[in-house]
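Asker: Before anything else, here's the structure in question.
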Amino acid sequence: MAEAGEAERQAARRIVFDDADLDSQLLPRALSQQGELAPERPAPPPGLSLPIGRIGAEFRAGLRVEAEFGHVFLWAPVMFGAGAALWFAADATPSLTALLILLFLSGVPAFLLSRERPGERALAAAAFLATAGAMAADWESRRAGTLLLDGPVTTTIRGRVETRETDGRGRWRYRIRVEETERPRLKRPPDIVTVTGGSGEAIDLGEGIEGRARLTPPSGPALRGLNDFAFDAYFSDLGAQGYFYGAPEPWDAPSSADEANLLRRAVGWIEPLRLAISARIRSILPGDVGAFAASMVTDDRRAISKETTEALRLSGLAHIVAISGLNMALAAGLFFVGLRMALSLSQRIAHSWPVKRIAAVGALVTVTGYYLISGFAVSAERAYVMMAIMLIAAISGRRAISLRNVALSAMIILAATPSAVLGPGFQMSYAATIALVAGYSAWLRRDSGPSLVEVMPLLRPMAPIWRFFMAVFVTSLIGGFSTALFSAEHFHRLAAWGLLANLLAMPIISFIVMPCGLIALLLMPFGLDWLPLEIMGWGLGWVIGVAHWTASLGGDWVTGRLPGWFFVSVATGLLILALCRSRLRLAGLGLCLMAAAALAVTPGPSPPRLIIHESGRLLGLTTGEGIAVNEQKPEAFIVDQWRRALRRDRIDKPDMSASLDLPRPGRDAPPADLDAVRERMRIMKASLPSSRFLCEKNGFCAGRVTDAIRVVVIARAAFAGPACDEFEIVVAPVRLGFDECRSGARLVTLASLRRTGTLEISVKGATFEETSSFTSISRPWQRHRAYDWRQDKFVE
């Protein structure tokens, strides 16, 4: 008796065919083939238990059903993105030759294996797609070739203004293509920089700009595993950021060959239009309301105040600000429904013309124009590709809302920009979209009969309103749950009142804000946009009020850093659960439950006792509920990441003293009395508290890691000798003539931090262990860390 073959047939008969996206003719055809799935296979070896053989049969049967219904394609972007993610995560750049060999070895069986061996064919196809994703990542990295600034510098820059926008304080922020630098002339000048200037008259797009500026390279991760901003900058063609000393001045730029570039000329025409629309909106709607409205129309977000931005974040409404899938879907849906209803008013047109396809073409034109005035933002590009594919499907007479269209859009985006796979925007956008489309499919398959509201005569008139609010509730619930994992992974927090805020805000956004915004854009050329903009402003005022109110209820839940294995396991389980339609989906549910159980019973890693930021100037000591820092005004962006990742509630400032009366460090500063400095260090070391830094103004700060390990950060190179003699860990964010302490103390210098990034130091008994943010700096977005401008070469 062939148990394996019989088990496979029985498993196939138990498959539930329930995909609402498929043609109804596929179901009887698949059912008719259940008895002819495969020839009988030999019985499993005696050492293989029957349950294991049955699991294998279930798996093969599930794969056949998924293939019959076309669900295998849904996994193409998943495997492609996984290969790209592995390439980016590698410590060293994988060999292109090895990738080509692997692509060939996996491609041959993927294309030649018969359909009667679905398991082997699926594994080969997965390896082929993953290798293709890695090769696409390699190609994108070579194509980008962004030159990142190697270190902070003050210089005079001259270049051309590519884009500009205002921030919350009315200052102009320019994106400049650098053509010259002076005093000093940079040996490796970045091609593109973003610099914040004055609040006066702005310099026009395409015009030359000149000014003295302080430039800094994109920073690395604040802790290991956190977001690497240098990675984002490298693939965004951004080499540095900074600010002007004073207001920049116009510069008579020489003619450039780029002026003849058709694409640049097109962007140069669209960008002034975008800025004019944004200025028009803010002229009618002042303050945060106008800035909010401009952000939804042109993606000009920086004019929103920090208070409102923080309230939107805490309330879970920040997704409304960016031009994303929600905005594109509302714009396309409003135009599609409106145009279709208008055409349907004529019986002749409704019966003679393809009204639905005409409406879909109009919606496609609308979202294309919306994308063009969005400033080509990454989120808008992703949403546009997704929406365009759905509308093209509607034009061609196919189902628009389907997982296949979602997978196709993801494949297009990943093929063009594989680096997007690591971004929170891509992950959260597609997690929400997949969950909503799968939920929509399940809703269409439901067989629960009419609801109580629809049955009772008294409540029947309220049925449309009931269905709308239930749709908003279910959509917000699915969207919130589907993106929670990725919010915790990337931002280490969850909005506590996100569901409530979305229930109160989304009806206003859907029925007032977006329709009025669309009408205002259509009427703007005629100067008749003030009324719809005023109504839009009223709606956004309500949304801002909801954001502030819900944010005041309790803020967000801090989750801390998640283990890497947990994130990968749960994300994989959720994908299996959403993309599969056979019994294989139960494997996804089981994987999620097992990962959650393992996380609950596994003790988490202890937080580091000491954190040394890559700048060398900011240190943190973790205490019971807070983090003690060595600066009175630490950079909020960094310490906020520390607080959320390590689940700490507060930031403790240092105790300051000025007993030595030291002047500010600088070239003209008089030399200090080193004997007095040594004595002061000795006294300070003996009285260090365990939960706070002690600082000598303009000199040094000291903290106690343990009773036997003390740390000091110095502000002058001359203090390195006494510091090495008195402390066990010395941090010197200044240039030194040596890289080791004769006393044996651990010396952390700027040169060493450039190679390691932020350091985390954990105590193990009487010793300590270090964890660096980087294990190597050989990747293209890290190579600028190895460059020494004094020697004008890369130091290995």
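Asker: Could you check, for the range 706-721, whether at least one of its residues is open to solvent by less than 20 Å² (accessible area, probe 1.4 Å), part of a helix (DSSP H, G or I) and not polar (S, T, N, Q)?
Answerer: First, the residues of the range 706-721 that are open to solvent by less than 20 Å² (accessible area, probe 1.4 Å): 709, 711-714, 719-720.
Right, trim to part of a helix (DSSP H, G or I) and you get 719-720.
The next check asks that each one be not polar (S, T, N, Q); those that pass are 719-720.
Yes, the range 706-721 contains at least one residue that is open to solvent by less than 20 Å² (accessible area, probe 1.4 Å), part of a helix (DSSP H, G or I) and not polar (S, T, N, Q).
Asker: Report, by residue number, each residue of the range 94-133 that is exposed (fewer than 13 other Cβ atoms within 10 Å of the Cβ) and not in a helix (DSSP H, G or I).
Answerer: Passing the criteria: Ser95, Ser114, Arg115, Glu116.
Asker: I would also like to ask the following. Can you name every residue in the range 539-559 that is part of a helix (DSSP H, G or I) and either more than 9 Å from Cys516 (Cβ to Cβ) or in contact with a strand residue (DSSP E or B) (Cβ under 9 Å, 6 or more places away or on another chain) (or both)?
Answerer: Within the range 539-559, the first condition is being part of a helix (DSSP H, G or I), and the residues that meet it are 539-551.
Those that are part of a helix (DSSP H, G or I) and either more than 9 Å from Cys516 (Cβ to Cβ) or in contact with a strand residue (DSSP E or B) (Cβ under 9 Å, 6 or more places away or on another chain) (or both): Leu540, Gly541, Trp542, Val543, Ile544, Gly545, Val546, Ala547, His548, Trp549, Thr550, Ala551.
Asker: Additional query: May I ask you to list the residues in the range 294-317 that are modelled with pLDDT under 85 and open to solvent by 50 Å² or more (accessible area, probe 1.4 Å)?
Answerer: Of all residues in the range 294-317, those modelled with pLDDT under 85 come to 299-303.
Correct list: Arg301, Arg302.
Asker: Could you please find all residues in the range 546-561 being open to solvent by 20 Å² or more (accessible area, probe 1.4 Å) and more than 18 Å from Asp649 (Cα to Cα)?
Answerer: Once the filter is applied, which keeps residues that are open to solvent by 20 Å² or more (accessible area, probe 1.4 Å) and more than 18 Å from Asp649 (Cα to Cα), the range 546-561 yields His548, Trp549.
Results for (1) in a strand (DSSP E or B); (2) at pLDDT 95 or above, shown as yes or no for each residue.
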residue: Thr155; (1), (2): yes, yes
residue: Glu162; (1), (2): yes, no
residue: Gly168; (1), (2): no, no
residue: Tyr174; (1), (2): yes, no
residue: Arg185; (1), (2): no, no
residue: Val193; (1), (2): yes, yes
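Asker: Could you run through the range 150-166 and say how many residues are under 13 Å from Glu249 (Cβ atoms) and hydrophobic (A, V, I, L, M, F, W, C)?
Answerer: Taking the range 150-166 as the starting set, the residues that turn out to be under 13 Å from Glu249 (Cβ atoms) are 156-159, 161.
Narrowing further to those that are hydrophobic (A, V, I, L, M, F, W, C): 157, 161.
Qualifying residue count for the region: 2.
Asker: Restricting to the range 730-770, and then to whatever is of a type in the set (Val, Ile, Thr) and in contact with a Ser or Thr (Cβ under 7 Å, 6 or more places away or on another chain), can you tell me which residue is farthest from Ala89 (Cα to Cα)?
Answerer: Of the range 730-770, the ones of a type in the set (Val, Ile, Thr) are 730-731, 734, 748-749, 756, 758, 761, 763, 767.
Retained after the next criterion (residues that are in contact with a Ser or Thr (Cβ under 7 Å, 6 or more places away or on another chain)): 756, 758, 763.
Working: Thr756: 16, Thr758: 18, Val763: 28 Å.
Per the criteria, the residue is Val763.
Asker: Sticking with this one: Could you check, for the range 444-467, whether at least one of its residues is at pLDDT below 85, closer than 24 Å to Ala431 by Cβ and in a helix (DSSP H, G or I)?
Answerer: yes
Asker: In the range 562-595, what residues are open to solvent by less than 70 Å² (accessible area, probe 1.4 Å) and charged (D, E, K, R)?
Answerer: Arg581, Arg585, listed by residue number.
Asker: Let me ask you something else. Can you tell me how many residues within the range 473-500 are of a type in the set (A, V, I, L, M, F, W, C), part of a helix (DSSP H, G or I) and touching a Ser or Thr at 6+ places or on another chain (Cβ under 8 Å)? Steps first, answer last, please.
Answerer: Initially, the range 473-500 is screened for residues of a type in the set (A, V, I, L, M, F, W, C), giving 473-474, 477-478, 481, 484-486, 488, 491, 494-497, 499-500.
Now restrict to residues that are part of a helix (DSSP H, G or I): 473-474, 477-478, 481, 484-486, 488, 491, 499-500.
When the remaining residues are screened for being touching a Ser or Thr at 6+ places or on another chain (Cβ under 8 Å), the result is 488, 499-500.
Number of matching residues: 3.
Asker: Given the conditions (1) open to solvent by 30 Å² or more (accessible area, probe 1.4 Å); (2) within 21 Å of Ala322 (Cα to Cα); (3) out of contact with any helix residue (DSSP H, G or I) (no Cβ under 6 Å at 6 or more places or on another chain), report the number of the one that Gly423 does not fulfil.
Answerer: Just one mismatch for Gly423, condition (1).
Asker: Next question, about the same structure. Restricting the first residue to the range 226-241 and requiring it to be without any contact (Cβ under 8 Å) to a residue 12 or more places away in the chain, which pairs with a second residue that is open to solvent by less than 60 Å² (accessible area, probe 1.4 Å) meet a Cβ separation below 7 Å and a spacing of at least six or different chains?
Answerer: Listed by first residue and then by second, the contacts come to Phe229/Pro218; Phe229/Ser219.
Asker: Quick one: would you say Pro94 is touching a residue at least 12 places away in the same chain (Cβ under 8 Å) and within 27 Å of the chain's Cα centre (by Cα)?
Answerer: Against the criterion (touching a residue at least 12 places away in the same chain (Cβ under 8 Å) and within 27 Å of the chain's Cα centre (by Cα)), Pro94 qualifies.
Asker: OK, next. Counting only residues that are open to solvent by less than 50 Å² (accessible area, probe 1.4 Å), closer than 27 Å to Pro607 by Cα and modelled with pLDDT of 90 or more, give me the strands (runs of 3 or more DSSP E) lying completely in the range 735-796 with at least 2 of them. Steps first, please.
Answerer: Working: elements: 746-749, 759-764, 767-772.
Because the criterion is at least 2 residues that are open to solvent by less than 50 Å² (accessible area, probe 1.4 Å), closer than 27 Å to Pro607 by Cα and modelled with pLDDT of 90 or more, the strands (runs of 3 or more DSSP E) in the range 735-796 that meet it are 746-749, 759-764.
Asker: Yes or no: the range 636-653 includes at least one residue that is buried (at least 20 other Cβ atoms within 10 Å of the Cβ) and more than 20 Å from Gly560 (Cβ to Cβ).
Answerer: No, the range 636-653 has no match at all.
Asker: Just for helices (runs of 4 or more DSSP H) wholly inside the range 270-388: which have at least 1 residues that are under 27 Å from Asp167 (Cα atoms) and under 26 Å from the mean Cα position of the chain (by Cα)? Write out each step before concluding.
Answerer: Numbers: elements: 287-298, 306-315, 325-344, 347-352, 355-372.
Because the criterion is at least 1 residues that are under 27 Å from Asp167 (Cα atoms) and under 26 Å from the mean Cα position of the chain (by Cα), the helices (runs of 4 or more DSSP H) in the range 270-388 that meet it are 287-298, 306-315, 325-344, 355-372.
Asker: So Ser141 clears everything in (1) farther than 25 Å from Leu408 by Cα; (2) in a helix (DSSP H, G or I) except one condition, right? Which one?
Answerer: Unmet condition: (1).
Asker: Would you pick out the residues in the range 658-668 that are out of contact with any Asp or Glu (no Cβ under 8 Å at 6 or more places or on another chain) and touching a residue at least 24 places away in the same chain (Cβ under 8 Å)?
Answerer: Just the residues of the range 658-668 that are out of contact with any Asp or Glu (no Cβ under 8 Å at 6 or more places or on another chain), to begin with: 661, 663-668.
Selection gives Pro663, Arg664, Pro665.
Asker: Inside the range 390-410, can you point out the residues that are surrounded by fewer than 19 Cβ atoms within 10 Å (Cβ to Cβ) and in a helix (DSSP H, G or I)?
Answerer: Ile392, Ala393, Ile395, Arg404
Asker: With the requirement that a residue be surrounded by 17 or more Cβ atoms within 10 Å (Cβ to Cβ) and among the polar types (S, T, N, Q), what does the range 679-704 give you?
Answerer: Asn698
Asker: Could I ask something else about it? Taking Leu662 and the conditions (1) surrounded by fewer than 19 Cβ atoms within 10 Å (Cβ to Cβ); (2) modelled with pLDDT under 90, which numbered condition does it fall short on, given that it satisfies the others?
Answerer: For Leu662, the failing item is (1).
Asker: Just name the residue that is nearest to Arg274 (Cα to Cα) out of those in the range 165-182 that are under 26 Å from the mean Cα position of the chain (by Cα) and open to solvent by less than 40 Å² (accessible area, probe 1.4 Å).
Answerer: In this case the residue turns out to be Glu165.
Asker: Under 7 Å by Cβ, and 6 or more places apart or on different chains, what pairs join a residue from the range 476-494 that is without any contact (Cβ under 8 Å) to a residue 24 or more places away in the chain and over 11 Å from Leu562 (Cβ atoms) with one that is open to solvent by 20 Å² or more (accessible area, probe 1.4 Å) and part of a helix (DSSP H, G or I)?
Answerer: Here the result reads Leu477/Leu499, each pair linking the range 476-494 to a residue that is open to solvent by 20 Å² or more (accessible area, probe 1.4 Å) and part of a helix (DSSP H, G or I).
The values are calculated or read from the model by the stated rules, or taken from the named source; none is laboratory data. For clarity, every value in this text was computed on a predicted model and none was experimentally measured. When we count neighbours, we look across all protein chains shown, and the Cβ atoms used for this are built from the backbone with ideal geometry, even at glycine. Surface areas here come from the heavy atoms of the whole protein model, side chains and all, with no ligands, DNA or RNA. Shrake-Rupley method; radii C 1.70, N 1.55, O 1.52, S 1.80 Å.
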